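Engineer: One structure follows; several queries about it will come next.
The values are calculated or read from the model by the stated rules, or taken from the named source; none is laboratory data. This one's a predicted model, so the numbers in the text were calculated from it and none came from an experiment. Backbone-built Cβ (ideal geometry, glycine too); neighbour counts: all protein chains shown. Note: areas computed on protein heavy atoms with side chains; ligands, DNA, RNA excluded. Shrake-Rupley method; radii C 1.70, N 1.55, O 1.52, S 1.80 Å.
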Amino acid sequence: MTPRRLRFAKALRAAAAAATLVAAPFAAQAAELSLLSSFNSTQKPTYAVLERYLENVAKIGGDAVTFRISGPEAVPIFEQLEPVSSGAFDMLYTHPVFHAGSGGLALTVDAMKVDPVARRASGVWDAVDAFYQKTHNLKMVAMMSVSMEGYHLFTKEPLSEAGDLAGRKVRGTPTYFGPIKALGAEPVVLPGSEIYSALQTGIVDGAGWPAAGMVSMKHYEVANWRLRPTFGAATQPVFVNLDAWNGLTAEEQSILLEAGRITELEMPWLGNAIQAEEDAALAELGVGVQQLSPEMAAKVQSAFIDSIWSIGADCCGEAATALRALAKDAGLTE
């Protein structure tokens, strides 16, 4: 077992023991919170993170804290931050890129290694939490990675003989621009809901997406290749409106925080299992794998990290600079 895996395992055992000790006193409490999610149950890899968090809340506190969940059909994903900040909803489960233009500092965690222990020990977790409290009236209770894999590109045709995507058009939001350009392709900004039709009609030749998700979105029907290795780390936070948070009892707050800490430790391994299932399914469906050269893979990873920190600097200025310094000191990012 590697030192990092050993550290995860020890932390997870300690968290489980703590959850067992604190569960009983919370049984008499009762709070129902309205939770707005950027994902619905059809998006298994990302929704599974929220499901695990809610399961852990129940394991720790029984029915002391319950939830009324609304999804993107209630509020579009790019408009969800404000209604939670203002108190129209109590909680938000999202990806920070959806509010990058409004100060999405947490998106920079995608440029960090998947190490929940180090993210907390380094002060990264606390810095992100403090930023959202001050800037968005939100308390962060969890900052969970989807898996130890992050994002990938998939294409209709294999890599060129030079091992790149020169001359092709690849769908991607700004977070994917670095890798797309590093591979010589031209980024095309399209909503995720339009990827299928854009590939089908030839508007784009490929797309960027979380590493697990081709099956649930049926992208395998219009794309034949996955590029490996993956890059970055998809990170999904859970926020609570600060006024709603301050209205909870100390016990209810502890339930939400402890569930977040445990889920952060669990999800990299649970997410890896989901990724393995998806990879096996895609192989059976005939979606092949194209391996980038070691040199190109390193170039793509560095381009992703640089592009994420650039977005962070644009949205959050000195807060992003300070956060990067913390992460670099902890060996979490370049």
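Okay, residues lined up against (1) assigned to a helix (DSSP H, G or I); (2) at pLDDT 95 or above; (3) not aliphatic (A, V, I, L, M):
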site	(1), (2), (3)
GLY101	yes, no, yes
ALA106	yes, yes, no
ALA118	yes, yes, no
ASP126	yes, yes, yes
ALA130	yes, yes, no
THR135	yes, yes, yes
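Engineer: May I pose another question? Within region 180-194, take every residue that is of a type in the set (D, E, K, R) and outside any strand (DSSP E or B) and give me the one that is farthest from ALA303 (Cα to Cα).
Structural biologist: Top of the filtered list is GLU194.
Engineer: Further, regarding this structure: State the number of residues belonging to region 55-93 that are in a helix (DSSP H, G or I) and surrounded by fewer than 19 Cβ atoms within 10 Å (Cβ to Cβ).
Structural biologist: Of the residues in region 55-93, 7 are in a helix (DSSP H, G or I) and surrounded by fewer than 19 Cβ atoms within 10 Å (Cβ to Cβ).
Engineer: Which ones in region 39-67 are farther than 14 Å from VAL238 by Cα and hydroxyl-bearing (Ser, Thr, Tyr)?
Structural biologist: SER41, THR42, THR66
Engineer: List the strands (runs of 3 or more DSSP E) inside region 195-257, counting only whole elements, that have at least 2 residues being touching a residue at least 12 places away in the same chain (Cβ under 8 Å) and over 20 Å from TYR93 (Cβ atoms).
Structural biologist: Numbers: elements: 206-210, 225-228, 235-241.
The qualifying strands (runs of 3 or more DSSP E) are 206-210, 225-228.
Engineer: What residue, among those in region 280-291 that are in contact (Cβ under 8 Å) with a residue 40 or more places away in the chain and part of a helix (DSSP H, G or I), is most open to solvent (accessible area, probe 1.4 Å)?
Structural biologist: ALA281
Engineer: Now for a separate question. I need the full set of residues from region 130-142 which are out of contact with any Leu (no Cβ under 7 Å at 6 or more places or on another chain) and open to solvent by less than 10 Å² (accessible area, probe 1.4 Å), in order please.
Structural biologist: Passing the criteria: MET140, ALA142.
Engineer: Also: Can you confirm whether GLU277 is of a type outside the set (Gly, Ala, Ser), surrounded by 15 or more Cβ atoms within 10 Å (Cβ to Cβ) and part of a helix (DSSP H, G or I)?
Structural biologist: no
Engineer: Sticking with this one: Which residues, taken from region 292-334, are within 24 Å of GLY103 (Cβ to Cβ) and among the β-branched types (Val, Ile, Thr)?
Structural biologist: ILE305, ILE308, ILE311, THR321, THR333
Engineer: Mind listing whichever residues of region 42-69 are over 20 Å from TRP269 (Cβ atoms), among the charged types (D, E, K, R) and touching a helix residue (DSSP H, G or I) at 6+ places or on another chain (Cβ under 9 Å)?
Structural biologist: The one that is over 20 Å from TRP269 (Cβ atoms), among the charged types (D, E, K, R) and touching a helix residue (DSSP H, G or I) at 6+ places or on another chain (Cβ under 9 Å): ASP63.
Engineer: Restricting attention to region 104-129, and to residues there that are more than 15 Å from ALA234 (Cβ to Cβ) and of a type in the set (Val, Ile, Thr), which single residue is surrounded by the fewest Cβ atoms within 10 Å (Cβ to Cβ)?
Structural biologist: As a first pass, look at region 104-129 and keep what is more than 15 Å from ALA234 (Cβ to Cβ): 105, 117-118, 120-129.
From what is left, the residues that are of a type in the set (Val, Ile, Thr) are 117, 124, 128.
Numbers: VAL117: 15, VAL124: 24, VAL128: 23.
Here the answer is VAL117.
Engineer: Turning to a different aspect of this structure: Return a yes/no flag: does region 15-29 have any residue that is modelled with pLDDT of 60 or more, within 26 Å of GLU149 (Cβ to Cβ) and small (Gly, Ala, Ser).
Structural biologist: The answer is no, given that none of the residues of region 15-29 is modelled with pLDDT of 60 or more, within 26 Å of GLU149 (Cβ to Cβ) and small (Gly, Ala, Ser).
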